[in-house]
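Each remark here refers to the structure printed beneath this line.
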Amino acid sequence: MTNKPCKKDLLQWINVVSFAVNDVNLFLDTHPTDQKALEFFHEYSKLRNQAMHEYAKYYGPLTVDTTVESCTDRWNWINEPWPWQEGGC
Amino acid sequence: MWIYEKRLQYPVKITQTNAKLAQVIISQFGGPDGELAASMRYLSQRYTMPYKEVTGILTDIGTEELAHMEIISAIIYQLTKDLSMEEIQKSGFDKYYVDHTLGLWPQAAGGVPFTATYFQSKGDPITDLHEDMAAEQKARTTYDNILRLINDPEICDPIRFLREREIVHYQRFGESLRIVQDILDSKNFYAINPAFDMSDKCNCK
């Protein structure tokens, strides 16, 4: 059994690593051979993917692709609040 | 193709409604320098962009603008959630309420509806990139103007994030323009339109 991460902390972590991935994605569009930026992208992209799967497992999917992580007999995508709602991401 | 992610790019948690501010901030949803116009501008321009770096930046920034539209929409939604009739009348929100109740609809602060005339897709890389750089600065000014009107940290915080992204996007579009100009004839950048004159259509030489 792994330790269940805190929902708020995990979401904050997803926001942080996703921002890093997005920002360096834009930088790489105009600097496609920058090795430091490429390394940074790979590192944070990996962290983001792990965190997205972990979040889906414990707190419901943030993308349709990760719905399989939270295996129940119900369609989980619509269960958790939407991002603009109270308790949403 | 797009895939939805069920989270905001930057969190929005507003605990105090304020219909007056919502009417101002709505300009960044459907106004002349708003996020909807920004996204439609870049996603429209990208099809005829002949340089892969720039097609990439238009696609990725155009996509990020959709996430920004969602942040602005969340701010407006939370600022107008469960408003009482008294608050609606007192704040001047009645003019919006009569047509849309509390539903979100893209308009400028002055009530002008969203229109595609807010942006241009000219089919000329130099022209389009100048438009894009100007658009980012105009949005930045709008966010500066909004920040002068508010002091609630719950609203200021996501608005500051959005303002900062305008500056980063401006930088990336500047690099894109540089990439385009480095490929073109440095003696006359305007000799041809590389999105139109590359397939033996030019009879002028």
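The values are calculated or read from the model by the stated rules, or taken from the named source; none is laboratory data. Predicted model, so just to flag it, every value in this text is computed and none were measured. All Cβ positions, glycine included, derive from the backbone under ideal geometry; neighbour counts span all protein chains shown. Each accessible area value is taken on the protein alone, full model and side chains, heavy atoms only, with ligands, DNA and RNA left out. Shrake-Rupley method; radii C 1.70, N 1.55, O 1.52, S 1.80 Å.
The rows are residues; the columns are (1) within 30 Å of residue B:172 (Cα to Cα); (2) touching a strand residue (DSSP E or B) at 6+ places or on another chain (Cβ under 9 Å); (3) part of a helix (DSSP H, G or I).
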site	(1), (2), (3)
A:13	yes, no, yes
A:21	yes, no, yes
A:33	yes, no, no
A:53	no, no, yes
A:61	no, no, no
A:88	no, no, no
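A count restricted to region A:54-89 and to residues that are more than 27 Å from residue B:73 (Cα to Cα) and under 11 Å from the mean Cα position of the chain (by Cα) stands at 1. Total residues in region B:68-127 satisfying the condition of being among the polar types (S, T, N, Q), without any contact (Cβ under 8 Å) to a residue 24 or more places away in the chain and within 25 Å of residue B:139 (Cα to Cα): the figure is 3.
Considering the conditions (1) open to solvent by 20 Å² or more (accessible area, probe 1.4 Å); (2) within 14 Å of another protein chain (Cβ to nearest Cβ), residue B:22 is excluded by exactly one of them, (1). Go through region B:1-12 and give me each residue that's facing chain A (nearest Cβ under 9 Å) and open to solvent by 40 Å² or more (accessible area, probe 1.4 Å). Hits for region B:1-12 are B:3, B:4, B:5, B:10, B:11. So, residue A:81, is that one within 25 Å of residue B:59 (Cβ to Cβ) and in a loop (DSSP other than H, G, I, E, B) or not? Answer is no for this residue. Of all residues in region B:38-54, exactly one satisfies the criterion of being open to solvent by 40 Å² or more (accessible area, probe 1.4 Å) and among the β-branched types (Val, Ile, Thr), namely B:48.
Just name the residue that is farthest from residue B:45 (Cα to Cα) out of those in region B:107-134 that are of a type in the set (Val, Ile, Thr), in a helix (DSSP H, G or I) and open to solvent by 20 Å² or more (accessible area, probe 1.4 Å).
Only one residue fits best here, namely B:117.
Looking at region A:35-84 only, could you name the residues that are within 14 Å of chain B (Cβ to nearest Cβ), free of Cβ contacts under 8 Å to residues at least 12 places away in the same chain and open to solvent by less than 70 Å² (accessible area, probe 1.4 Å)? Hits for region A:35-84 are A:63, A:67, A:81, A:82, A:83. Scoring residue B:189 on the criteria (1) in a helix (DSSP H, G or I); (2) open to solvent by 30 Å² or more (accessible area, probe 1.4 Å); (3) touching a residue at least 12 places away in the same chain (Cβ under 8 Å); (4) over 20 Å from residue B:41 (Cβ atoms) leaves a single failure, condition (1).
Evaluating residue B:161 against the criteria (1) more than 25 Å from residue B:48 (Cβ to Cβ); (2) in contact (Cβ under 8 Å) with a residue 24 or more places away in the chain; (3) away from chain A (no Cβ under 14 Å) leaves one unmet condition, (3).
On the stretch given as region A:17-34, residues that are closer than 17 Å to residue B:5 by Cα and open to solvent by less than 40 Å² (accessible area, probe 1.4 Å) total 5.
So, residue B:140, is that one in contact with a helix residue (DSSP H, G or I) (Cβ under 7 Å, 6 or more places away or on another chain) and open to solvent by 60 Å² or more (accessible area, probe 1.4 Å) or not? When the stated conditions are applied, residue B:140 passes them. Scanning region B:75-104 for residues that are surrounded by 14 or more Cβ atoms within 10 Å (Cβ to Cβ) and not aliphatic (A, V, I, L, M) turns up B:77, B:78, B:80, B:81, B:87, B:91, B:93, B:96, B:97.
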